[in-house]
Amino acid sequence: MVRSTASRPRSFAPPDIGETIVAAAKRLPPAIFGTARLLEYAIVDNSVVFTGRQSLFVDGKLLGAVPFLALCRDLVSEEINLFHCNLRWKVIGVSGGSTIVGTKELAERAYCGISTKWTTSPYTEDQVVQQLEKTWGRHRCSFCQKWPWDVQQIFEGPRSSICDECIGSFAKILESNR
Ligand SMILES: [Zn+2]
């Protein structure tokens, strides 16, 4: 019987999860991470070499190799984030830059060979919006439907929310009706 070396668990796989990176790799990353939208993701398989050439600290400790990386664009800041994730796509650390190319170069410095591993997000626009709605729907303006990151401020009531722009518009209407 031929055994594939690729199915061997990596040293960084948390022991409590008890699953190999190959099995875990079938699990897709989420469409959004907080307010960041997934653009591309990469799996750190056996052909990728972790060089340690990154200074990413998490809780005061230098972060080592992770099995999954997610390249995202933050909807609020527009920044490109590189999320360093565990086998369940839970974010352990964040790095990144202002461009996709620059952020991929950062990733390549720390993970030699990762450049060829990037996979485009499989999610359609509708799926992204659905996911955003699930997470952020409650925080949308109930009147103009804008997302919290598209306005300066959102005021939330128990059942609905209103943004600063709508308050401004309504104030003008009230003013002109006086
Ligand atoms: Zn509004």
Q) within 28 Å of Pro29 (Cα to Cα), crowded, with 18+ Cβ neighbours inside 10 Å and modelled with pLDDT of 95 or more: does that describe Cys85? A) yes
Q | In the stretch 21-63, residue nearest to the chain's Cα centre (by Cα) [restricted to those that are part of a loop (DSSP other than H, G, I, E, B) and among the β-branched types (Val, Ile, Thr)] | A | Thr35
Q. Hey, among the residues in the stretch 140-150 that are out of contact with any strand residue (DSSP E or B) (no Cβ under 6 Å at 6 or more places or on another chain) and either hydroxyl-bearing (Ser, Thr, Tyr) or in a helix (DSSP H, G or I) (or both), which one's farthest from Gly93 (Cα to Cα)?
A. Asp150
Q) Cβ-Cβ below 8 Å, separation at least six or inter-chain, first residue in the stretch 142-158 and under 20 Å from Gly34 (Cβ atoms), second near the ligand (Cβ under 9 Å from one of its atoms) and of a type in the set (Gly, Ala, Ser): which pairs? A) Ile154/Ser161
(Q) Let me spell it out: the conditions are (1) surrounded by fewer than 16 Cβ atoms within 10 Å (Cβ to Cβ); (2) touching a residue at least 24 places away in the same chain (Cβ under 8 Å); (3) touching a Ser or Thr at 6+ places or on another chain (Cβ under 8 Å), and Thr51 meets all of them except one. Which number is the exception? (A) (3)
Q: Please find, within the stretch 138-153, the residue that is farthest from Val128 (Cα to Cα) out of those that are within 8 Å of the ligand (Cβ to nearest atom) and surrounded by 14 or more Cβ atoms within 10 Å (Cβ to Cβ).
A: Phe143
Q) Restricting the first residue to the stretch 162-178 and requiring it to be on the phi > 0 side of the Ramachandran plot and without any contact (Cβ under 8 Å) to a residue 24 or more places away in the chain, which pairs with a second residue that is of a type outside the set (Asp, Glu) and near the ligand (Cβ under 8 Å from one of its atoms) meet a Cβ separation below 6 Å and a spacing of at least six or different chains? A) none
Q) In the stretch 65-78, what residues are free of Cβ contacts under 8 Å to residues at least 60 places away in the same chain, of a type outside the set (S, T, N, Q) and surrounded by fewer than 16 Cβ atoms within 10 Å (Cβ to Cβ)? A) Glu78
Q: Would you mention how many residues in the stretch 107-139 are assigned to a helix (DSSP H, G or I), touching a residue at least 12 places away in the same chain (Cβ under 8 Å) and more than 18 Å from the chain's Cα centre (by Cα)?
A: 4
Q: Using the structure shown, decide if Cys166 is among the hydrophobic types (A, V, I, L, M, F, W, C), out of contact with any helix residue (DSSP H, G or I) (no Cβ under 8 Å at 6 or more places or on another chain) and within 9 Å of the ligand (Cβ to nearest atom).
A: yes
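The values are calculated or read from the model by the stated rules, or taken from the named source; none is laboratory data. Just so you know, these numbers come straight off a predicted model, no measurement behind them. Positions of Cβ are generated from backbone atoms using ideal geometry, with glycine treated the same way; all protein chains shown enter the neighbour counts.
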